[in-house]
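Here is the structure we will look at.
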Amino acid sequence: MPIRGERGATLRRGRTMVRTDRTQAVEPMIKKEKRQMTPWVIYSKIITFWAPAILLTKLGGMPEAGMQQAWREKIALVSLIILVCGIVVYLTIFLTMTFCPESVSKTQSNIFQVNSTDKTAGVIGIRGIAYSTNEATWHGSVTFNITAGMDMTPYFSVPLPNECTSDKIKEFRASQYDVCSGDNGSGNCPLGNVDNGIENNNLKSLDDRPIGYDWSDVGSGYFVINGNVLNLTPYLMSVGREASGDMLDEAIFAAANNGLVDASLLFQRTAKMKAATACLIARFGAGQLAKDTPGCFAVNLFNYIALIIIGGIVLSRFIMAVIFQYFLSWQLVRRPPRSKVRPLSYNAAAPWAGKKPQTGAAAGKIGKGDDDELYTIMLVTCYSEGEESIRGTCDSLCGTTFSDSHKLLFIVADGIIKGSGNDRSTPDICIDLIEQEESFRDPQPCSYLAVAAGSKQHNMAKVYCGHYVVGEHRTPCLIVIKCGAPEEQDAAKPGNRGKRDSQMILMNFFSNVVHNERMVPLEYDLFRKVHFLMNVTPDLFEIVLMVDADTKVYEDSLRLLVNCMNNDQLIMGLCGETKIANKRDSWVTAIQVFEYYISHHLSKAFESVFGGVT
């Protein structure tokens, strides 16, 4: 035991912020529990019935039940996406074709209205088609008082149509009766055969325009069957009374005697009645109902509702984006008053807390920042970009109106790679951009755990330390070169683990620093060099600005982002507005302007009003 007063007696480790007691059992991250058969699980199994477990195990390489179920749920999600896309395609393209065919819509738009005040005078209807009487030479013995669109079919002898020749409807009197043989109220068809009569009387067809009736125009002796207006007046006057036991006659006289305007249901009771309906329409058709069919009405109603909803969403998003742009954003980005500036946040339980730098710090080389400037890491991830792109990004970051003492440029080169058109590898380009510190000029590779599987999980990286100089700015800079483990040095891309791994190098480092957890060799090296360059321990850093190596930022961008963090303590993340720098280079870059405008000016500005962006 150390004696009181000796140095060893003063060495005592304090409790960290988040570490639990050593004796407490560690809760397993993944618990093996039997999953309940929810409707979603049942659906996923039904949709993937064609892939039994043994097939997924042998051919799919998924031996565990959890992996198989995850695969089934992915297929279920894909099926739902396909279903939703199919519904959208149907509603957009095929809904109108189904319920309001083009033939119906064209007919409604081309119709000639009965009792119309149309400037076309002397128009009559024969078998539902409009004819002009302006040049007519009547040869019959009957005089007419022509009104617009009046049905003159009873004045002609109409041959029996093909729809009435079926044997199963010959038992119905209305399908065979010659209305010209009795008193039909029109002089017993004085104009003769309809085809010859039209030609002999010099009647001119109006481009086969149909005659249209409004509901108010369907008077006595007329009724509607499935949108077709029938003139049964000559038949009713000619026969006088209904035939006993004739189902079709019963329906006709029931509609006439009861003043039933829409008699569609009366003629749909049996297959014979439906066949007889086609015969009646062919023989006594006077025109069409000049109203949208229920299908066309429903389609139009759906289109209007969809237009209102979509237009409302677009308009509301635009209004909310304008509100954020002109009424909210300026309050977030203004410099905070001194009362809102928080003291520096650091890990008081860390072993280095309260100790002076012991790394021969380069503190004298940088000045002191303002009180509202938070320590910020500017992360740039590189892969195969050229010197011009990387230098342009670093120049814009280091040239921001933010004190060099509170920002650190952190560049990660993802492997030993030489990009197309480059004369040097990406790591060499990055190293040549900085003024290296003599104390750390020849760094040694350090190990860390990469975001990968198998042997790729072990990776090594070198940390170069120095300053990036642009104009009057001399910004501290660290360059991490992922060089790979010794066994992969002969590979095509040694050290390459992807952009996500490059970001996780920094995030894992700060996670271990803040939580006082064990660090890997690379993180020890990063800690030492951050401390050397900035004269502060890494736990004082609060902000990470992440950009790609082909991105430039405005001079005030970093200042505005940090102001937002200071003004609203609940903000955990921000995204800047992205624009296209080379929008005039090609038509591809030109159309990207629209995409970025929609996704930033509208979408993200709209979401920001509610305190979060996707």
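Annotations for the structure displayed:
- Extreme residue, most open to solvent (accessible area, probe 1.4 Å), among residues of the stretch 160-177 that are in contact (Cβ under 8 Å) with a residue 12 or more places away in the chain and of a type in the set (S, T, N, Q): Asn162
- Unmet requirement for Ala148, which otherwise passes all of (1) open to solvent by less than 70 Å² (accessible area, probe 1.4 Å); (2) at pLDDT 85 or above; (3) touching an Asp or Glu at 6+ places or on another chain (Cβ under 9 Å): (2)
- Matching residues, the stretch 178-234, being among the hydroxyl-bearing types (Ser, Thr, Tyr), outside any strand (DSSP E or B) and either surrounded by 19 or more Cβ atoms within 10 Å (Cβ to Cβ) or in contact with a Phe, Trp or Tyr (Cβ under 6 Å, 6 or more places away or on another chain) (or both): Ser186, Thr233
- Checked against the criteria, Asp568 does not count as among the acidic types (Asp, Glu), within 19 Å of Ile481 (Cα to Cα) and touching a helix residue (DSSP H, G or I) at 6+ places or on another chain (Cβ under 7 Å).
- Considering the stretch 285-302, the residues that are open to solvent by less than 70 Å² (accessible area, probe 1.4 Å) and part of a helix (DSSP H, G or I) include one that is nearest to Asn115 (Cα to Cα), namely Cys296.
- Filter result for Leu260 (under 56 Å from the mean Cα position of the chain (by Cα), of a type in the set (A, V, I, L, M) and not in a helix (DSSP H, G or I)): yes
- Being open to solvent by 20 Å² or more (accessible area, probe 1.4 Å) and β-branched (Val, Ile, Thr) is a property that Thr153 lacks.
- For beta carbons closer than 7 Å, sequence separation of 6+ or different chains, a first residue in the stretch 313-336 that is more than 30 Å from Glu373 (Cβ to Cβ) and a second that is aliphatic (A, V, I, L, M), the qualifying pairs are Arg317/Leu602; Phe318/Leu602; Met320/Val609.
- Residue that is nearest to Tyr375 (Cα to Cα), among those in the stretch 509-558 that are touching a residue at least 24 places away in the same chain (Cβ under 8 Å) and hydroxyl-bearing (Ser, Thr, Tyr): Thr537
- Residue in the stretch 509-527 that is closer than 29 Å to Arg338 by Cα, assigned to a helix (DSSP H, G or I) and modelled with pLDDT under 90 present: yes
- Arg497 fulfils the conditions (1) in a helix (DSSP H, G or I); (2) surrounded by 17 or more Cβ atoms within 10 Å (Cβ to Cβ); (3) not hydrophobic (A, V, I, L, M, F, W, C) except for a single criterion, (1).
- Subset of the stretch 271-290 [under 13 Å from Asn226 (Cβ atoms) and charged (D, E, K, R)]: Lys274
- Conditions (1) open to solvent by less than 70 Å² (accessible area, probe 1.4 Å); (2) under 45 Å from the mean Cα position of the chain (by Cα): number failed by Phe253: (2)
- Candidates in the stretch 420-449 are the residues that are of a type in the set (Gly, Ala, Ser) and within 15 Å of Gly495 (Cβ to Cβ); of these, the one that is surrounded by the most Cβ atoms within 10 Å (Cβ to Cβ) is Ser425.
- The test for being hydrophobic (A, V, I, L, M, F, W, C), touching an Asp or Glu at 6+ places or on another chain (Cβ under 7 Å) and in contact (Cβ under 8 Å) with a residue 40 or more places away in the chain holds for Val224.
- Residue selected from the stretch 121-145 under the condition at pLDDT 75 or above, in contact with a strand residue (DSSP E or B) (Cβ under 9 Å, 6 or more places away or on another chain) and open to solvent by 50 Å² or more (accessible area, probe 1.4 Å), by the criterion nearest to Arg283 (Cα to Cα): Arg127
- Scanning the stretch 584-614 for residues that are charged (D, E, K, R) and either more than 23 Å from Met546 (Cα to Cα) or open to solvent by 100 Å² or more (accessible area, probe 1.4 Å) (or both) returns Arg584, Asp585, Glu595.
Listed here are the residues, each with its yes/no results for (1) over 15 Å from Ala413 (Cα atoms); (2) surrounded by 15 or more Cβ atoms within 10 Å (Cβ to Cβ).
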{"site": "Ala453", "(1), (2)": "yes, no"}
{"site": "Gln457", "(1), (2)": "yes, no"}
{"site": "Val463", "(1), (2)": "no, yes"}
{"site": "Gly466", "(1), (2)": "yes, yes"}
{"site": "His473", "(1), (2)": "yes, yes"}
{"site": "Cys477", "(1), (2)": "no, yes"}
{"site": "Ile481", "(1), (2)": "no, yes"}
{"site": "Gln489", "(1), (2)": "yes, no"}
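- Residue among Ser244, Ser238 that is assigned to a loop (DSSP other than H, G, I, E, B) and over 50 Å from the mean Cα position of the chain (by Cα): Ser244
- Search result, residues across the stretch 435-475 that are over 24 Å from Val520 (Cβ atoms) and out of contact with any Leu (no Cβ under 6 Å at 6 or more places or on another chain): Glu435, Glu438, His467, Val469, Val470, Gly471, Glu472, His473, Arg474
- Tabulated pairs, the stretch 127-140, first within 19 Å of Tyr222 (Cβ to Cβ), second crowded, with 18+ Cβ neighbours inside 10 Å and among the hydroxyl-bearing types (Ser, Thr, Tyr), C-beta under 9 angstrom, 6+ apart or interchain: Arg127/Thr153; Gly128/Thr153
- Residues satisfying the stated conditions in the stretch 387-444, i.e. farther than 23 Å from Asn563 by Cβ, assigned to a strand (DSSP E or B) and not charged (D, E, K, R): Ile411, Val412, Ala413, Gln436
- Any hit, the stretch 108-120, residues being more than 53 Å from the chain's Cα centre (by Cα) and modelled with pLDDT of 75 or more: no
The values are calculated or read from the model by the stated rules, or taken from the named source; none is laboratory data. Bear in mind the structure is a predicted one, so any value in this text is a computation, not a measurement. All Cβ positions, even for glycine, are placed from backbone atoms using ideal geometry, and neighbour counts span all protein chains on display. The protein model used for the area step is the full one, side chains on, heavy atoms only, and it has no ligands, DNA or RNA in it. Shrake-Rupley method; radii C 1.70, N 1.55, O 1.52, S 1.80 Å.
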